[in-house]
Each structure stands twice: as structure tokens, then as C-alpha cells.
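Before any comments, here is the structure.
What follows is calculated from the coordinates using simple rules that are stated; it is not laboratory data. Since this is a predicted model, take the numbers as computed values, not measurements. Every residue, glycine among them, receives a Cβ derived from its backbone with ideal geometry; neighbour counts consider all protein chains shown.
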Amino acid sequence: MTQERTFSSFGFHDCLMRAIDEMGYVKPTPIQLSAIPLVLAGHDVMGAAQTGTGKTASFGLPLLERLIPFANASASPARHPVRALILTPTRELADQVHVNLQAYCKYAGLRTACVFGGVDIRSQADTLRRGIEVLVATPGRLLDHIEQKNTQLSQVQVVVLDEADRMLDMGFLPDISRILKLLPRERQSLMFSATFSPEIKSLAANFLNDPKLVEVARENSTAKTITQRLYEVHDSEKVDALMDLLEEDRCEEAKNILVFVNSKITCRRLTRVLDHNGFKVDSIHGDKTQDERLKTLEAFKSGDIKVLVATDVAARGLDIAELPVVINFDVPFNAE
Ligand code: AMP
């Protein structure tokens with residue numbers, strides 16, 4: 001697909017196009033290109049992206065597009081139930097997301113509000129009681145409003161968990177679970193996270209229905225202190241190429257070398273080959289017990305094992321100070 005995509009290719013309503021134009025957006029960002037059609041089509045989406053990639057518009061624009069048929073000028077709060085709920089970890093992010101959504105729906109006739117803790121609850125309560133279609137909220141304050149019956153969530157059609165990893169880090173899981181229970185079962189759910197810990201995966205498994213995964217690499221994500229090299233080799237020559245690399249001075253001198261592979265089979269096979277060739281080697285993968293993994297890791301850190309072959313699943317959360325050499329034997333599934 002070399003064809004340049006523009007915002008008009010998504011078929012957005014004129015009122016959204018006008019706002020996009022005023023925002024000065026000319027070309028969709030990569031996450032927008034991937035996510036917008038999926039969200040428009042009603043899919044659940046798991047987005048691997050962080051702030052700065054244009055992710056707010058990637059869910060905000062299609063979400064608003066889907067709500068435009070519900071826009072109305074009635075004064076009755078009952079005609080303005082919350083139809084889209086966006087949960088964010090912090091007031092800053094809530095505010096930032098809300099400012100963007102407000103701008104996107106400037107001409108759409110949809111009402112928006114933003115509620116977070118640490119400020120007076122009363123004016124937020126008044127806004128909610130008048131009725132709004134799009135609500136951006138931090139979890140704790142939203143629950144306060146629900147307890148006070150300032151709003152209710154039984155007509156939510158789309159829910160977004162923004163920066164889900166940060167929400168979990170901040171201990172919001174119980175609050176999020178309580179909120180999700182208040183939503184209709186029939187709904188669209190979107191989740192964005194910069195990282196994919198087992199906790200995030202489990203949240204996604206519980207919360208999303210057959211999600212489509214969209215992923216964009218973080219820009220400038222490599223540390224300047226790391227030298228990167230790419231060797232193009234045929235599959236059948238990879239093991240030999242790895243041996244050659246390991247015999248280079250840089251690797252000979254290194255205390256530790258971590259080799260990532262994409263499957264348990266490769267992990268076992270490569271470990272055997274390296275062992276036969278006299279390397280102090282061990283492996284970490286999903287079939288090993290937590291105890292075995294910890295022991296292997298300790299031996300690696302102490303230098304008893306020089307080469308550690310690991311699958312990326314098993315290697316998540318490895319904390320090794322100043323690891324001198326990392327080799328991606330397979331191209332990782334996940335760029336991050
Ligand atoms: P976000 O990652 O959603 O926080 O967006 C980061 C910044 O990029 C915000 O200031 C957005 O207004 C801006 N932005 C989002 N999409 C586009 C686009 N397609 N073209 C130009 N700027 C954009």
C-alpha cells in the first residue's frame with residue numbers, strides 16, 4: 001500500500017473534517033491509519049502506542065463519528081446519556097484528551113465533560129447532571145460521581161482505557177473493574193498501552209472481545225548509548241553467523257550475552273548447539289518454572305552462565321544492569 005492516505009479517505013462526517021482541518025492535521029499518523037478503520041467498523045482494539053503518536057485522535061475521531069447520529073439539541077438530560085467513556089490514569093492526561101476531543105467535536109453538536117479528583121466535585125456534578133455524550137474521567141472520581149448519582153453508565157456504547165499500563169501501575173485495577181461492571185455488555189472496548197505486561201494482557205483478555213491489535217513503534221526509542229547492527233543472513237546460516245559473532249572480540253570479552261529467540265523450540269535447539277560448542281549457556285522460556293528461571297538468571301548475572309538464550313515472553317521484566325550484548329536471533333514479534 002504505497003498510496004498516500006488522507007483523512008478524507010476515512011469517510012468522516014463533514015463536521016469532523018472541518019475540525020480536523022482547523023487542528024491543522026494534514027496526514028493521519030501511523031496509529032491513526034491502522035486504528036481508525038477498525039474503530040469505525042466497530043471492532044474492539046488493543047493499541048500499543050504512547051502519548052505523542054496521535055493516539056487520542058486514533059480513537060477519538062472514529063468514536064465521535066459513530067456518535068454523531070445521537071447528537072441533539074434537546075435540553076432534557078435524558079437525551080444526553082453518556083455514550084462514550086474514556087478512562088485515563090491522571091488528571092493531566094484526562095484534561096489533555098478532553099481538550100482534543102472538544103476540538104474534534106466542535107461542530108458535531110455532542111456534549112463532552114472531563115472529571116478528575118483533587119478539585120471541587122460540585123461543578124463537575126452540575127455538568128454531568130445536565131447530560132453529556134462523551135465523558136473523560138479518572139477512575140476514582142468517576143466512582144465518586146456514580147455513588148452520588150450524578151451520572152450513570154448504562155448507555156455507554158464505547159469505552160476507552162487510555163494508558164492502561166499506567167492505570168494498573170497506579171493501582172486502579174479494582175476501580176476499573178467496578179466501572180466496567182456498570183457498562184452494558186454490548187459495547188465497543190478499546191485499550192491503549194505503551195507496554196504489554198502479563199497484567200495488561202490479562203486485563204485485555206477480560207475486557208476486550210476478539211480485539212484487533214494495532215501497534216506503532218515509538219519514535220526515537222533507541223538509547224543513544226547502544227550501537228545497533230543488522231546482519232542479513234539466510235535462515236540456514238543463522239546458527240553459523242551467531243557462532244561467528246560470539247567469537248568476535250566484543251563478545252569474547254563480554255561477561256553476559258543475551259540471545260532472544262521467538263520460540264521455545266529454537267530456544268532449546270540453540271542452547272544445545274551452543275553447549276556442544278563449549279559455551280557456558282542456559283535458557284529461559286515459558287516451560288521452565290519460576291524457580292528454574294530465577295536460578296538461571298542468578299547464574300547469568302554472576303557470570304557462571306555467559307550466554308542466556310531466552311524467548312521474549314520469559315524474558316519480560318528481566319533486570320540486568322549494564323548488559324553488554326543483546327542478540328535478536330529472530331526478528332522480535334513486538335518491536336518494543
Ligand atoms: P497524542 O499522541 O494523541 O497525545 O497526540 C500528540 C499530538 O499530536 C497532539 O498535539 C495532537 O493534536 C497531534 N496530532 C494528532 N494527530 C495528528 C495528525 N494527524 N497530524 C498532526 N498532528 C497530530
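The figures follow:
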{"quantity": "Charge dipole (debye, nearest 20) of region 130-228; +1 at Cβ of Lys and Arg, -1 at Cβ of Asp and Glu", "calculated": "140"}
{"quantity": "Dipole-positive endmost among V97, S283, C114 within the chain (Cβ charges, Cα centre)", "calculated": "C114"}
{"quantity": "Reachable aspartates and glutamates from K306, criterion Cα separation under 17 angstrom, eight or more residues apart if same chain", "calculated": "D244, E247, E248, D249, E252, E253, D275, D282, E292, E298, D319, E322"}
{"quantity": "Relative frequency of Cα-Cα separations exceeding 23 Å in region 122-221, percent", "calculated": "31"}
{"quantity": "Estimated Rh, the chain: Kirkwood, alpha-carbon pairs, angstrom", "calculated": "22.6"}
{"quantity": "Cα-projected label distance for A241 with K255, points at 7 Å along beta-carbon direction, nm", "calculated": "3.0"}
{"quantity": "Entries in K106/K181; K212/K288; K264/K295; K201/K238 that, when Cα-Cα distance is taken, lie over 24 Å", "calculated": "K106/K181; K212/K288; K201/K238"}
{"quantity": "Cα-centre dipole for the chain with unit charges at Cβ (Lys and Arg positive, Asp and Glu negative), debye to 20", "calculated": "1480"}
{"quantity": "Spacing of the two label points (7 Å from each Cα toward its C-beta) at Y231 and S202, in nm", "calculated": "3.9"}
{"quantity": "Residues whose placed amide H lies under 5 Å from that of G47, excluding near-sequence neighbours", "calculated": "M191, F192, S193, V214"}
{"quantity": "Axial C-alpha extent at least 15 Å, average Kyte-Doolittle at least 1.6 - helices from the chain (DSSP)", "calculated": "30-40"}
{"quantity": "Region 241-298: GluC sites (Glu not before Pro) in DSSP coil with no more than 12 other Cβ atoms inside 10 Å", "calculated": "E248"}
{"quantity": "In region 134-220, the trypsin sites (Lys or Arg not before Pro) that fall in loop regions by DSSP, at most 14 other Cβ within 10 Å", "calculated": "K149, R185, R218"}
